[in-house]
Structures are given as C-alpha cells and as structure tokens.
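J.: Got a structure for you, written out below as structure tokens; questions coming shortly.
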Amino acid sequence: MYRKPAHREGSRLSREERAADILKHARLVFCEKGYTDTLVSEIAERAGVVEGSVFHYFPTKRDLLIKTVEQWYSGLIGDYDHRLESIIGTWNRLRFMIWGHLNVIHEEPEITKLIVEEIRPGPEYRATAIFELNRNYTRRTLGIINDAIATGEFRSDVPGAVIRAMIYGGVEHYAFAFLRGEGDFSPDETADSITDLVYRGLANEGINQANMIREPIRQIESGLARLKALAENLSPSPAEGAAPPTVRRVRASRK
C-alpha cells in the first residue's frame, strides 16, 4: 500500500536529482494507473513536492510521460550493452536480444503498454528521444546479423528491415494477448523458438546443417565418454589377468 511521504519541498536536491526523483515517482503512478487516469498532483504528492514544481521541470503531463519512458529506455539499453559484451556466438547473442525484448514485456507489461498504446501513436513520437533510442536498440540485433553475414554464417539476400520487422513485430504480436491480460507465456521458451526460426532461416546451408546436428553429436560424445569411463572402471589390475570379454569388445570397437 502506498504511504504518503513526508513533505520535503525544501530539501536540498540539485536540479538533476529533483528531476530524477520526480521521474521515479511518475513511472510508478503511470504504470499503476495508466496515462489517462494519472494526476500530476498525485505524482507531486508522492515525490514530496507541490504540483507547480513538477511543471517547473516538465511543462506538460505528456512531456513527463515521454521523459519517464526515455529514462527507463536509456537504462535498459545500457544494461543490454553491458551483458551482451560477455556473450559469444551468433545464436546466443541473437537469442539474448530476442529474450530481452520478451522478458521486458513479461516483467514490465505496464510500461510496455504505455509505449505501445500512448507514445507510439502520438504525433510527436518520431521527434522524441524514445524513437531514436528504439532505433538504436534494434540496431544491436541487426549488428549481430550483419556480423554473421560478414563471416559467411548468414546469407545476405534478406533486407535488414524485413528481419527487424519479423523479429520485433513477431515478438509483440505474440505477446499482445498477454498485454491484454489474456494468458501467459515463457520468455525463455519463446526466445528459443523465435531464435531457431530466425537463425535457421538466415544461416547458409552448410552452417544450418551443422547447427541442426550439433545436439545429436553432443549426445553421442557424451555416451562415448560414459562408455569409456565404464570400461576403465571395469579394467582389472595386471595381477587380475585379462579383462572381461565385454570390455575387450568395447575397446576393439573404439580402434
């Protein structure tokens, strides 16, 4: 339950700190009530300032919404960049970006709905920093794909705009029912499925075939390793004489 904070209008915060504090509380209220039902006076109350102070930093409620989402988006992209640095392999990197988009929708559906329902349809959307942040966000995925094209892992005859639309449009279409409050989905399982479809559709034929048989090969290797360990455990010491016939047959098959 929300508790009214102590009034702290006179506390000594820098202009940047005060604006950040207002944005923090604005995000909470916007996500709880949606844009239409949010009152700036309630944001001001939660932030411990008078309503006029909010308008001093953000001229309109619309400006406040856009700046709130902009701050959230910037933090999201910074976290992605940091985590992506340690991920190796095209499939893994592509899967991380797809999983990240799905996971944000799943874990933060309210702010996702603010973007989809309130900000994108707005006439000023393309002039906002959010639009450019979104383009930078999706460019990271296209960068992974372009790197794979440069190494010959992916084919080069599919336009990047088509790939981007298939990935992000597909993700949002799949999750749309969830955003309406209908059912649930697993970001992990969905990311695996979408990544496999994209990867296999773009991979050159030899690469694709190698990727398809990678798991059976791992299973065979694992089975051979267990068989070897079993054979070594059953091998007698020199004083015990010859190995049992079954173990000799296993060894013979490995020559």
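J.: Would you list the P(r) distribution for region 48-98, with all Cα-Cα distances sorted into 5 Å bins from 0 and each bin expressed as a whole %?
T.: Histogram of Cα-Cα distances, whole percents per bin: 4, 17, 17, 14, 12, 9, 8, 8, 7, 4, 1.
J.: Quick one: grab Rg to one decimal and Dmax as a whole number for region 17-64, Cα atoms only, in Å.
T.: Values for region 17-64 (Cα only, Rg and Dmax): 9.3, 26 Å.
J.: Whose amide H sits under 5 Å from the amide H of residue 154, counting only residues 5 or more places off or on another chain, with H placed in the peptide plane?
T.: For residue 154, the qualifying residues are 149, 204.
J.: What is the Rg over Rh value, at two decimals, for region 68-170, using alpha-carbon atoms and the Kirkwood definition of Rh?
T.: Checking Rg against Rh, the ratio lands at 0.98.
J.: Less than 17 Å apart at the alpha-carbon level, and either on another chain or at least 8 residues along: which aspartates and glutamates does that give for residue 61?
T.: Reachable aspartates and glutamates: 21, 32, 37, 42, 45, 51, 70, 117, 118, 124.
J.: Let me ask another. For a quick check of your reading of the filter: which GluC sites (Glu not before Pro) in region 22-119 sit in a DSSP loop and have no more than 16 other Cβ atoms within 10 Å?
T.: Of the GluC sites (Glu not before Pro), the ones in loops of region 22-119 whose Cβ has at most 16 other Cβ atoms within 10 Å are 85.
J.: Further, regarding this structure: I need the peptides 72-79, 23-30 ranked by packing, meaning the mean over residues of other C-beta atoms within 10 angstrom, with the highest value on top.
T.: Averaged packing, sorted descending, gives the order 23-30, 72-79.
Bear in mind these aren't lab numbers, they're just calculated from the coordinates by the rules spelled out. Only a predicted model underlies this, so the values are computations on that prediction, with no experimental measurement involved. In this analysis, Cβ positions are derived from the backbone assuming ideal geometry, glycine residues included, and neighbour counts consider all displayed protein chains.
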